[in-house]
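Data first, discussion second: the structure below is written as structure tokens.
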Amino acid sequence: MLKILIADADLEAQEQLSEIVTTFGRNIRITTAETGRELFKLIQEETFDVLFLDMILPYTDVAKLKDVLAFMSARGGTRLVLVSEWLRPNWTSVATHLHAYEVLTKPYRKHAVAKLLGAFSEIRRPRRTLIVDPSERTREILRNALRRSQFRVNPVEADTGRGAVSQVRRQEFEIAFVSNGLTDMPALEAACQMFSGTKERISVVLMNRASDETHRALEIFGVRDIIVQPFDAIDVNRSLHGALGLWRPYLINALDAERKARRGDGAERPAAAA
């Protein structure tokens with residue numbers, strides 16, 4: 001059962017979101033709160049899978065909220081979706097501060113909520129993930145980024161292509177991050193052997209030092225995405241959604257656009273959320 005908590009003083013918005021969520025499936029239980037005090041009481045009594053939280057919920061201690069949300073995420077993997085009628089200039093900073101998965105604007109769009117809940121059903125499931133890189137430092141960085149991601153991943157490591165192929169033959173993996181700098185074989189050869197050596201098709205993310213827009217042609221090798229090194233948690237979250245064919249949150253796109261703008265890539269400032 002998917003347990004959803006809607007914390008919003010706007011009763012009309014509460015009702016609209018509840019109606020949309022209810023149409024998504026029967027195996028869903030909805031709980032509501034109208035103030036921060038009610039919210040804190042509820043999350044102390046029960047663990048929820050998804051929390052839709054209005055950004056101006058009355059009587060909310062933001063500092064306390066951050067600590068509680070961090071505890072909830074560590075304990076049960078609660079995903080936070082911030083909602084608002086309009087987006088403040090610092091909305092991405094607030095979302096990052098609270099470790100939100102997504103930010104939505106009101107009134108809600110049914111397709112956006114449906115795609116969000118569809119992604120949640122996949123994110124909640126534990127996934128065995130293979131990290132293949134000769135550098136212990138790079139493997140550590142990726143392992144930490146995966147831990148901070150919204151996904152529940154169980155990482156296994158290999159430092160060579162042969163080691164990765166051996167791992168795939170012994171156990172099932174859904175995702176593999178493969179370095180383009182393997183010492184014993186080309187990355188695509190390793191990807192091809194992993195892709196053909198498992199009953200369940202593995203989704204490969206190629207780790208490269210430069211961007212390569214031709215990766216769509218590499219899907220024959222199981223390559224679903226390319227992540228450019230050096231990377232951070234934003235890149236890893238983006239690649240996980242892409243590799244698994246999931247709808248990518250607008251928040252990830254907005255954070256990526258802001259980062260490119262800071263680097264002087266000429267990216268436009270993100271507009272409104274879905």
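The values are calculated or read from the model by the stated rules, or taken from the named source; none is laboratory data. If you're wondering where the values come from, they're calculated on a predicted model, not measured in any experiment. With ideal geometry, Cβ positions are generated from the backbone for all residues, glycine too; neighbour counts draw on all protein chains shown.
Here are a few things to note about the model shown:
- Considering region 28-38, the residues that are out of contact with any helix residue (DSSP H, G or I) (no Cβ under 8 Å at 6 or more places or on another chain) and not in a loop (DSSP other than H, G, I, E, B) include one that is surrounded by the most Cβ atoms within 10 Å (Cβ to Cβ), namely 38.
- Selection of region 170-189 for residues being of a type in the set (D, E, K, R) and touching an Asp or Glu at 6+ places or on another chain (Cβ under 9 Å) yields 172, 174.
- Single unsatisfied condition, residue 78 versus (1) surrounded by fewer than 20 Cβ atoms within 10 Å (Cβ to Cβ); (2) of a type in the set (S, T, N, Q); (3) under 18 Å from residue 6 (Cα atoms): (1)
- Here 13, 9 are screened, and the one residue that is farther than 17 Å from residue 121 by Cβ and in a loop (DSSP other than H, G, I, E, B) is 9.
- For region 191-205, a tally of residues being more than 16 Å from residue 225 (Cβ to Cβ) and modelled with pLDDT of 85 or more returns 2.
Let's see how each residue does on (1) at pLDDT below 95; (2) among the aliphatic types (A, V, I, L, M); (3) closer than 16 Å to residue 84 by Cα; (4) in contact with a His (Cβ under 7 Å, 6 or more places away or on another chain):
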{"site": "8", "(1), (2), (3), (4)": "no, no, yes, no"}
{"site": "13", "(1), (2), (3), (4)": "no, yes, yes, no"}
{"site": "21", "(1), (2), (3), (4)": "yes, yes, no, no"}
{"site": "24", "(1), (2), (3), (4)": "yes, no, no, no"}
{"site": "41", "(1), (2), (3), (4)": "yes, no, no, no"}
{"site": "53", "(1), (2), (3), (4)": "no, yes, yes, no"}
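- Restricting region 69-84 to residues that are closer than 23 Å to residue 121 by Cα and at pLDDT 80 or above, the residue that is nearest to the chain's Cα centre (by Cα) is 79.
- Residue match in region 59-68 (condition: assigned to a helix (DSSP H, G or I), at pLDDT below 90, surrounded by 15 or more Cβ atoms within 10 Å (Cβ to Cβ) and not assigned by TED's automatic domain parsing to the domain that holds residue 173): yes
- Residue check, residue 159 in the same structural domain as residue 236 (by TED's automatic domain parsing) and either in contact (Cβ under 8 Å) with a residue 40 or more places away in the chain or within 23 Å of residue 245 (Cα to Cα) (or both): no
- For region 93-133, a residue qualifies if it is surrounded by 20 or more Cβ atoms within 10 Å (Cβ to Cβ) and out of contact with any Leu (no Cβ under 9 Å at 6 or more places or on another chain), and exactly one does: 130.
- Pairs, first in contact (Cβ under 8 Å) with a residue 60 or more places away in the chain and closer than 18 Å to residue 248 by Cα in region 87-107, second among the aliphatic types (A, V, I, L, M) and assigned to a loop (DSSP other than H, G, I, E, B), C-beta under 7 Å, six or more apart: 103/273; 104/273; 104/274; 105/87; 105/272; 105/273
- Condition met for residue 50 (in the same structural domain as residue 32 (by TED's automatic domain parsing) and either buried (at least 20 other Cβ atoms within 10 Å of the Cβ) or over 20 Å from the mean Cα position of the chain (by Cα) (or both)): yes
- Yes/no for residue 218 being under 16 Å from residue 100 (Cβ atoms), part of a helix (DSSP H, G or I) and touching a strand residue (DSSP E or B) at 6+ places or on another chain (Cβ under 8 Å): no
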